[in-house]
Structure formats: structure tokens, C-alpha cells
Amino acid sequence: MTQFAQVKGPIPGPRSRALVEREALLAPGIQSISSLAGIAVDHGKGAVLVDVDGNQFIDFVAGICVSSIGHGHPALRDALAAQAGKLSAGSFATEARAQLLERIAGLTSKIGTGSLRRTQFYSGGAEAVESALRLARAHTKKYEVIAFYGGFHGKTGGVLGLMGSTFKQGLGPTAQMAGQYLAPFPDSYKLGKDPAVAGAEAIESLRRLIELQTTGSLAAILVEPIQGTNGNVIPPAGFLKAVKEVAREHGALLILDEMITGWGRTGKMFGQEHEGVEADIMTFGKGVGNGFPVTGLVTTDAIVNSADPWSRPSFSSSSYGGSPLAMAAANAVTRTILDEKMADNAARVGEVMLGALQKLKTKYSFIGDVRGKGLLLALELVADRQTRTPLDKKSCETIFRGCLERGLLTMAYAPRVRINPPLCITQEQALEGIQILDEAFAEFSRKNDRSQA
Ligand SMILES: Cc1ncc(COP(=O)(O)O)c(C=O)c1O
């Protein structure tokens, strides 16, 4: 008997079907999970989503790390309502922006030397990363950038070529700007290598790439502290520090894209804190606004003070960056994460989830790997543990449906199952979700004659 997940009938239910049909005019290309689930969502509370038929789902997705303080949090509702009634546009100084800037500087100045304290705001993740690249180029007066295989930094023109994935296929040369390069990432599970070896080899490849492919004009190296979209892939200890050293050897900046790892997701406020490394520029987004589009970057006095033209009036601003509504939302969310100690909750519940998922690995031979930091967790579903061949798409989708029909929303439709619930999820909700995952795995095992581990 489940307490939080409550499914009353077939999924999708009749009201969901009707709403999805009305959305037939929506252009294709939206997130896989939404088209695969076929449900229409009415509201949510904390880590539970309720569809228009009244079915309740435990949310292991959080809008892909966007919902941090959870669904329907009154702090966000009240802050947005109050601000919307007062002022919603313009770039003049506001109490909300001043407060948020102070709050962010208070948090980022705890990293490393304490130099990260100058913030600029945007409304999209890709927009923030593009600005970080412009800033790095303006500061270093150089233009080349290196990112990593498997990395994800947004789908707009300035960053598309830095995505280590297939998103640029079919778009021709416009998708790959001159001066953009990709280096291998130490994805040790996929490579079947010891993490330390994978890390050392990746640094060696990075050095070779710089030597043989770049033109001696490296402005920045761009990397996620943990690769989110690629499957919550954690690089080996010391890797980020080594990347920074390489950047320094070439007079380049380290840009850490904390869009997913920031604001408490990994059990610390920022992913880089686990590794004792300090970005020159850090980008953030997603969980900062809990659904309200707020993103930005944080950097140092030294960098902004010598970043012409980025620092000229209007050269790094945007229509919605730092808008009063965005600031009210991000302020409320950040304050709630701190007041309700959600990063600590992420660390604690994440640890419990990791343990429970590791138990599932001892039960099912098609689980090849379990990993995670805080509430950024992942399972590798494999056809064969020895070869680490990913489980086929159809089997994954069967497991996804098995979870959905039992009241769990999870990204099991792909073999690298990313698990990232809202930071407020309780231990009871988390364990109930894993129990549902267990049931869906057991059913899949039975029907497909998969041996138990
Ligand atoms: C690490 C990272 N950077 C940048 C982006 C792009 O953000 P947006 O979709 O808001 O443009 C994403 C989106 O998933 C991301 O995960």
C-alpha cells in the first residue's frame, strides 16, 4: 500500500487524454518525459504531483532539477503575488535585487578564496552560459573555448557547438562555431576504466587537444561539476582541479556550469564545493527560481573590472535579467532553501536513496551502476553487466510505464536513469518511490525472463 503515490485508474486518465488532445497544436520537440507519460498535471505539493484525473505521483524528476523547494510552495506564491502587485519590469535597483545579490555573494564568497561575488542575471540557461563565454573572451582577449563530451550547456547558437552530444546533428556548420572544441570526459563507468585512470587520461587528452587543435587563443574551459543531462556522471576526484590547472597554464578561465549542481542539489550549495575548486565564472539557473525563469553568472571583481566590452553599460544586460519578478522569485527560493536547510536534506535523503538503490543493484542483474551526490543520483540499466551495453529503449520505456502506472515519475525511459527529486522530498516519499521502482523492475524481470542478480 502506498501513502503518497495514488493511482485511481488507467494512466493517462480521461481528463489527461482530453487535455493532451487539445494540445495537438503544440509543435513537436518537447521533453521526452512529457510526451511519453501523456499526463496533464494540475498541481503539486512538495515532491508530489497531481494530474487532472486526481492521480498522485511521487516526483523523481523535478522538471529536470528545476523544482528545488518543491511544487506549490507558499513562499514562492506569496513573493510573486506581492511583487506582481507592485512592480514587474525594469532594470532599476530594487529591494528584491539588492537582497538577492547580497544573499548570493554571502554564499559564493564561502567558496575557495572568496572572490566569487559579482553577479549578473538572465532568464535562460543557455543565455547565461553564452554571456559567461563573452565575459571570458572580453577578459582574456582570446576566443577559443573547450567543453567536454557528454556536456550540456544549452541549445542556442553560441553554445550548441560546445554540447558534447548529438543535439547539433543536421544543423550544418552553423551549429559549430570556429574556436569551439570538445575534449573527452572521464565517464569512467561508460569507459570501463578505473576513475583515477580515466581522469588522468582525460587530462592528457585535454592537453593534447590544446596543443594540436587550438590556435593558442584559449579563453576558457567550460565544464559541469557533475554532468547532468549525460546521466548525472560524477568525474573522478581531482579532475576539476586538474582542469583548472590546465586552464591556468594557458591563461584561460575555468567556467563551471552549475545550472544543475547549484543551489543545494548535491548536498552542498554548489557542486564545486565537493572538490575544493573555485570557478572563475560560475553559471546558475534551474533550481534558483523553482520554475520562474532566473539564471545568471557569478564572477570576480578582477574579471569584471577588466572585461571590455562585456562590462560596458548595456553590453551584458537583457530584458528579463534581474527583473523585479525574477528577483522576488529567486529571493524567496534561495531564502527557503537556506531556512528549511534543503541542501542538508538533499545530502541526508540522497544518502538514504543511494543505499536503497545499491540494494536494488544486488537484486537485478540489469542494473550496472548506481551513483550519486545529494539528490543527483543515477542508475545505469544494462543488457549485460560485463560489457556495460545499455538496456534497449523499448525495455526502458516498459520500466518507465511500470513506474508511472504505480505513481512514480522517473526518467527510466532511457538506460541512464537520472533521479533528481525536489530538494524537499522526505525520506518516506523517497523510499516509497524506490519501492515502486523495485516493483516495476520485478515486473520487468518476470515478463522478460531476466535473471535476478
Ligand atoms: C548544465 C546546463 N547548462 C545549461 C543548460 C541550458 O539551460 P536552458 O535550458 O535554461 O537554456 C542546461 C539545461 O538543461 C544544463 O543542464
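The values are calculated or read from the model by the stated rules, or taken from the named source; none is laboratory data. None of the values given here were measured: they were computed from a predicted structure. Every residue, glycine among them, receives a Cβ derived from its backbone with ideal geometry; neighbour counts consider all protein chains shown.
Taking the numbered list (1) more than 16 Å from the ligand (Cβ to nearest atom); (2) in contact (Cβ under 8 Å) with a residue 12 or more places away in the chain in turn, E245 passes all entries but (2).
The lone criterion from (1) at negative phi; (2) in contact (Cβ under 8 Å) with a residue 12 or more places away in the chain left unmet by R388 is number (1).
The residues of the stretch 296-313 that are surrounded by fewer than 17 Cβ atoms within 10 Å (Cβ to Cβ), assigned to a loop (DSSP other than H, G, I, E, B) and either at pLDDT below 95 or of a type outside the set (S, T, N, Q) (or both), listed by number, are D308, P309, R312, P313. Only one entry of T389, T398 meets the criterion of being polar (S, T, N, Q) and either within 19 Å of G38 (Cα to Cα) or at pLDDT below 95 (or both), and that entry is T398. A Cβ distance below 9 Å, combined with a sequence gap of six or more or placement on separate chains, defines the contacts here; from the stretch 164-184, residues that are in the same structural domain as L212 (by TED's automatic domain parsing) and closer than 25 Å to I226 by Cβ reach residues that are surrounded by 13 or more Cβ atoms within 10 Å (Cβ to Cβ) and among the acidic types (D, E) in the pairs Q180/E144; Y181/E144; P184/E201.
Within the stretch 121-131, can one find any residue that is away from the ligand (no atom under 16 Å from the Cβ), of a type outside the set (S, T, N, Q) and buried (at least 23 other Cβ atoms within 10 Å of the Cβ)? Within the stretch 121-131, not a single residue is away from the ligand (no atom under 16 Å from the Cβ), of a type outside the set (S, T, N, Q) and buried (at least 23 other Cβ atoms within 10 Å of the Cβ). Looking across the stretch 251-270 at every residue that is of a type in the set (A, V, I, L, M) and free of Cβ contacts under 8 Å to residues at least 40 places away in the same chain, the one that is nearest to the ligand (Cβ to nearest atom) is identified as L256.
Looking across the stretch 271-295, the residues that are part of a loop (DSSP other than H, G, I, E, B), surrounded by fewer than 24 Cβ atoms within 10 Å (Cβ to Cβ) and away from the ligand (no atom under 13 Å from the Cβ) come down to G276, V277, E278.
Of all positions in the stretch 239-249, at least one carries a residue that is outside the structural domain of K45 (by TED's automatic domain parsing) and touching a Lys or Arg at 6+ places or on another chain (Cβ under 7 Å). For first residues located in the stretch 195-212 and outside the structural domain of Y143 (by TED's automatic domain parsing), partners that are assigned to a helix (DSSP H, G or I) and among the polar types (S, T, N, Q) and lie 6+ apart or on another chain with Cβ distances below 6 Å do not occur. Looking at T215, is it touching an Asp or Glu at 6+ places or on another chain (Cβ under 7 Å) and of a type in the set (V, I, T)? Judged against the criteria, T215 is a match. Scanning the stretch 107-158 for residues that are polar (S, T, N, Q) and touching a Leu at 6+ places or on another chain (Cβ under 7 Å) yields a total of 6. Of these, F92, F57, which one is modelled with pLDDT of 95 or more and exposed (fewer than 12 other Cβ atoms within 10 Å of the Cβ)? The conditions single out F92.
Restricting G192, G158 to residues that are more than 22 Å from the chain's Cα centre (by Cα), in contact (Cβ under 8 Å) with a residue 24 or more places away in the chain and either closer than 19 Å to F239 by Cα or in the same structural domain as R137 (by TED's automatic domain parsing) (or both) narrows the list to G192.
Within the stretch 220-239, being part of a strand (DSSP E or B) and touching a Ser or Thr at 6+ places or on another chain (Cβ under 8 Å) holds for one residue alone: A220.
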